[in-house]
Amino acid sequence: MEENASIGRRILEFLNRKGKTQAELARFLGTRQSTVNGWIKLGRCPAADVILPICGFLDVTAEELLGGAEAEEKLELTDDEKQLLTQYGKLDHRGRARVTTVVYEEYDRMRADTLMEVSEEFLKHG
């Protein structure tokens with residue numbers, strides 16, 4: 001429970017830094033304010049599927065939120081990326097699973113394309 005309480009403390013700290021409220025976070029996530037309050041005051045742990053949307057709203061990394069480590073280089077999200085996180089946060093479990101599958105498939109495709117390009121370049125000049 002101590003780790004859960006520290007996650008709640010970090011959520012509160014990041015909300016304060018951004019000048020945001022628990023109510024604003026709850027609206028962003030599509031949940032009740034009492035849920036957010038439970039994370040902060042009662043030491044309850046947010047569900048795994050809302051960690052990334054929370055991070056997007058607070059503009060922090062999952063490592064910062066969960067482990068408290070300050071990021072050396074902060075990822076800046078565009079407005080489109082923030083909107084995608086908002087929409088992702090509103091999906092049910094099935095929708096989130098489908099989106100996650102597509103993201104990983106696309107990432108693997110891009111890595112394979114990059115490896116193919118590097119291999120072709122190596123063979124030309126190798």
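The values are calculated or read from the model by the stated rules, or taken from the named source; none is laboratory data. Since the structure is predicted, the reported quantities are computational estimates derived from the model, not experimental observations. Cβ sites come from the backbone with ideal geometry, for glycine too, and all protein chains shown count toward neighbours.
What the table below lists for this structure:
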item: Residue list for the stretch 1-54, restricted to those being outside any helix (DSSP H, G or I) and either surrounded by 16 or more Cβ atoms within 10 Å (Cβ to Cβ) or not charged (D, E, K, R) (or both); result: M1, G19, T21, G30, T31, L42, G43, R44, C45, P46, A47
item: When residues of the stretch 99-126 are limited to those that are under 17 Å from L84 (Cβ atoms), out of contact with any helix residue (DSSP H, G or I) (no Cβ under 8 Å at 6 or more places or on another chain) and not polar (S, T, N, Q), the one modelled with the lowest pLDDT; result: Y107
item: From L123, L85, L42, residue being among the aliphatic types (A, V, I, L, M) and in contact with a Phe, Trp or Tyr (Cβ under 9 Å, 6 or more places away or on another chain); result: L85
item: Inter-residue pairs, beta-carbon under 8 Å, first assigned to a helix (DSSP H, G or I) and surrounded by 10 or more Cβ atoms within 10 Å (Cβ to Cβ) and in the stretch 96-124, second modelled with pLDDT of 85 or more and of a type in the set (A, V, I, L, M, F, W, C), 6+ apart; result: V99/L91
item: Condition check for G67: over 18 Å from R27 (Cβ atoms), modelled with pLDDT under 85 and surrounded by 12 or more Cβ atoms within 10 Å (Cβ to Cβ); result: yes
